[in-house]
Protein chains: 2
Amino acid sequence: MPLVAETAVDVPAAADVLAAAERLRPYVDTTPVLTSPALDEAVGATVFAKAECLQRTGSFKLRGALNAMLQLPDDVRARGVINVSAGNAALGSAAAAQLLGAPLTVVMPETAVPEKLAAVRAMGARVVCDGVTNAAEAFARAHELIASEGLHLLHPFDDADVIAGAGTATLELLQAHPDLDAVVIPASGGGVLAGGILATEAAGRTGTTVVAGVQPEGNDGFVRSLAAGEVQRVPQVRTIADGLTAPAPGVRNFAIVASAKAPVVAVSDGAILDAMALVARTLRVVVEPSGAAGIAGLPALGLAGRRVGVILTGSNVSWSLFAETLQK
Amino acid sequence: MPLVAETAVDVPAAADVLAAAERLRPYVDTTPVLTSPALDEAVGATVFAKAECLQRTGSFKLRGALNAMLQLPDDVRARGVINVSAGNAALGSAAAAQLLGAPLTVVMPETAVPEKLAAVRAMGARVVCDGVTNAAEAFARAHELIASEGLHLLHPFDDADVIAGAGTATLELLQAHPDLDAVVIPASGGGVLAGGILATEAAGRTGTTVVAGVQPEGNDGFVRSLAAGEVQRVPQVRTIADGLTAPAPGVRNFAIVASAKAPVVAVSDGAILDAMALVARTLRVVVEPSGAAGIAGLPALGLAGRRVGVILTGSNVSWSLFAETLQK
């Protein structure tokens, strides 16, 4: 396991994705793979879209949170889990905690979408948000609570079990369509991208199915980090894709993506919004901007004429933004 | 078969739905069944939504058209098929004809949505629409072409094979969730409603799963016909649900629905639009107004607390209407 030696952290392997898929089977939906001749014509490739936008809680995040929580010792889980997230990871971990009867605290920024705060609370989680305005403050507050209450930190993306769980979406896609030339996956922290690389190995497709990442131009941490050869932090994150705002790749995720030499491209917010509307019009599903990033990345990845899997990661969208974008 | 004796037309039976399901397997998608705790809370029932809005061509109509065309003698199919439709049946039959390499003519009103005219043409069908402004003119033009060109008429809903094919959507739903208390289905001509009743019998659920229909108040032909005991025509059809505009139940469909004593309710256009937005917000799929009618009918059907299947029939929506409705 050279990756472990290089990074001195617990990096997951392909077998962990297979184990996660077994573990998650009773809890997560096998989401459909959608196709559309009109979409194929618009993008110039044959697209197999894995609709994690239809997953319970509206994103793939449930997979990673559940895979991690299911493996916690009973006493640790009973003491309580804590998560830091403004959005999909909060919803996913709240649903996971509710399913397993585990007490959950989520540290969210005060500025989080009110509907998301309410949805997380409705699933029984304690929400801490007073005085939290950014990611640094959120992690600081989480560490205070860990120290005072003995909570277990569930990292939203830089955790071996979360990565393996996220990878099960790509595994299901490749099990349904084993002959894809590529799988394209949105990335900021990089959990679902790194997990997708492991899943491709687990499916026996390393070297035949390329895994590629797509980022917003305003938060291109993987592009910068791969160029630099080490994890780089984006000084100021600016993107409409509120599901892609982690300012740096996770250490484990970067190690996996760099080792696989996976291409990662950055696209404009305009391209992401166009892709969101294109997905709604052709595949007839709601995606949030981050969920459409994979489609937005197709032109830059040079996949014309290929059979391409794309992970539609989530659908927890601002409805006014969604409606405005459709009207253009 | 008392229905045949009563109506003197070929009324399909439960076995025809099972045969249709076998016949269609290579061609149609087994659409997913979607659920949402937020939807359940909003409607006060546990909903299992059969997402025919994600079916190829954006509606269940492909099922009936294919089931009918697959059973035509080769020489009849090769001579050509003709269909009358402003929307989903045109798209479904065009895709069916394309799959089977059959020449297809569709008579559509001049006022049909331009995107739908273009989509039907793009699938290789001949579109006849000059001087056609309503259903009566469309059927008259179709009969001229049948006489002059020897084409085979594929009725969009009042045809035994079309009904059996449409019923396969409900059959798939009941095979995935056999213990539903009810299945709620939109109706104007009534093919998918009548087919759903046969499917429920085929699944061994007659008497345990109630099948109910929902219509717009502005086109309540089944409500009127059931009250009168015979097929009644709605004098002036007025509804936002352009997928539910057949002005009278099909003879076969009425016979099946009346014989089953299936309840049918009418709902306002406002309730249909509210349901369209609710489906998008909770199930994260696009539905057109007719596709949301089943959800709109739940309150009037007295299904509080029950396990209810709902057929989301289609997604070929006007995007400006969809976006405007989401913004309310």
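No value in this document is a laboratory result; all are computed from the given coordinates. Please read all numbers here as calculations on a predicted model, not as lab measurements. Here the Cβ positions follow ideal geometry from the backbone for every residue, glycine too, while neighbour counts run over all protein chains shown.
A few remarks follow.
- Value at 222 nm in deg cm²/dmol, rounded to 500, when DSSP H runs of n ≥ 4 in chain B each add -39,500 (n - 2.57): -14000 deg cm²/dmol
- Proximal charge balance of B:Val210 [Cβ under 14 Å; K/R count +1, D/E count -1]: +1
- Count Lys and Arg as plus one, Asp and Glu as minus one, and take only other residues whose Cβ is under 11 Å from that of A:Tyr27; the net charge is then +3.
- Point-charge dipole on Cβ atoms (K/R +1, D/E -1) for the range B:225-328, about Cα centre, debye to 20: 320 debye
- Relative contact order of the range B:59-108: 47 percent, from C-alpha pairs under 8 Å at least 6 residues apart in sequence.
- At 0.890 mPa s and 25 °C, Stokes D of the range A:13-126 from Kirkwood alpha-carbon radius, µm² per second: 158 µm²/s
- 3J(HN,Hα) from dihedral phi, the range B:14-30, Karplus parametrisation 6.51/-1.76/1.60, rounded to Hz, x for glycine, proline: 3, 4, 5, 5, 4, 5, 4, 4, 4, 5, 7, 3, x, 10, 10, 7, 6
- Put the Cα centre of the range A:216-250 next to the Cα centre of the range B:106-161 and the gap is 53 Å.
- Cut-off under 5 Å, modelled amide H: who pairs with A:Ala266 long-range: A:Gln215
- Most positive-pole-ward Cα, B:Ala266, B:Leu298, B:Pro235, against dipole of the range B:229-328 from beta carbon charges: B:Leu298
- Hydrodynamic radius by Kirkwood, which averages 1/r over all alpha carbon pairs of chain B, in angstrom: 19.3 Å
- Amide proton proximity set for B:Val47, modelled H, under 5 Å, gap of 5+: B:Ser36, B:Asp40, B:Val308
- Long-range Cα-Cα pairs in the range A:240-328 (distance over 17 Å), rounded percent: 52 percent
- Take every pair of alpha-carbon atoms less than 8 Å apart whose residues are at least six positions apart; their mean separation over the length of chain A yields a relative contact order of 22 percent.
- Computed over the range B:225-289, the ratio Rg/Rh where both radii use C-alpha atoms and Rh is Kirkwood: 1.05
- Fewest neighbouring Cβ atoms within 10 Å first, the residues B:Asp158, A:Asp16 line up as B:Asp158, A:Asp16.
- Partner lysines for A:Lys116 [C-alpha distance under 27 Å; skip if fewer than 8 residues away on the same chain]: A:Lys50, A:Lys61, A:Lys328, B:Lys50, B:Lys328
- When the protein assembly as shown is reduced to its Cα atoms, the Kirkwood hydrodynamic radius in Å: 25.8 Å
- Shown here are the Rg and Dmax of the Cα trace of the range B:128-257, at 16.2, 51 Å.
- The mean sequence distance of close C-alpha pairs (under 8 Å, at least 6 residues apart), as a share of the length of the range B:1-156, puts its relative contact order at 19 percent.
- Residue by residue, the range A:296-309 carries 3J(HN,Hα) couplings of 4, x, 4, x, 5, 8, x, 10, 3, x, 8, 8, 10, x Hz when phi is fed to the Karplus relation 6.51 cos²θ - 1.76 cosθ + 1.60 (θ = phi - 60°); x denotes Gly or Pro.
- Counting neighbouring beta carbons within 10 Å and listing from fewest to most, the residues B:Asp181, B:Asp159, A:Asp75 come out as A:Asp75, B:Asp181, B:Asp159.
- Cut-off 15 Å between beta-carbons: net charge of the residues surrounding B:Val106, Lys and Arg +1, Asp and Glu -1: -1
- Taking Cα centre as origin and charging only the Cβ of basic (Lys, Arg, +1) and acidic (Asp, Glu, -1) residues, the dipole magnitude of the protein assembly as shown rounds to 120 debye.
- Against the main long axis of the alpha-carbon atoms of chain B, helix B:160-176 sits at an angle near 30°.
- Inverting the pair-averaged 1/r between distinct Cα atoms of the range A:203-261 gives 12.3 Å as its Kirkwood hydrodynamic radius.
- As a proxy for reagent exposure, ranking A:Val285, B:Val231 by other Cβ atoms within 10 Å from fewest up yields B:Val231, A:Val285.
- Taking only the Cα atoms of the range A:95-185, the ratio Rg/Rh comes out at 1.07, with Rh defined as the Kirkwood radius.
- Cβ charges +1 (Lys, Arg) and -1 (Asp, Glu), total dipole of the range B:24-172, debye: 320 debye
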